[in-house]
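As structure tokens, the structure follows; a few thoughts come after it.
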């Protein structure tokens, strides 16, 4: 994940993340409640379906948290300045703050305004 604060860039290693992302949407479908197009799209993105045994729709709940452009994030981890050329991203800066996990903990990311 590449973050830009208007002046500096940071690359967050998202391989091991502990996140608290505000759930922006909640979806539900069940036997008497047909899935919305939004829920169908969300499930399709994750390789899932609302089609159950014999074509019946099982109960399904989903929540989706979205990180939008311009949204304030808080990220915590081990930070180290590195050369931008070390990353596969084309970042228009000489140095980039690289945020990685600390030992067995992941990088923490939240949009909860903490």
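No lab work stands behind these numbers, since they all come straight from the coordinates. Keep in mind it's a predicted model, so treat the numbers as computed, not measured. Please note: Cβ atoms are built from the backbone with ideal geometry, for glycine as well, and neighbour counts cover all protein chains shown.
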inquiry  = Between residue 94 and residue 24, what is 0.36 nm times their sequence separation minus the Cα-Cα distance? Round to one decimal in nm.
reply    = 21.7 nm
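Taking the number of other C-beta atoms within 10 Å as the exposure measure, put 98, 8 in order starting with the fewest.
In order of increasing Cβ crowding within 10 Å: 8, 98.
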request  = Give, as ranges by residue number, the residues of the range 78-107 whose backbone N falls under 12 Å from the point 7 Å along Cα→Cβ of residue 7.
outcome  = none
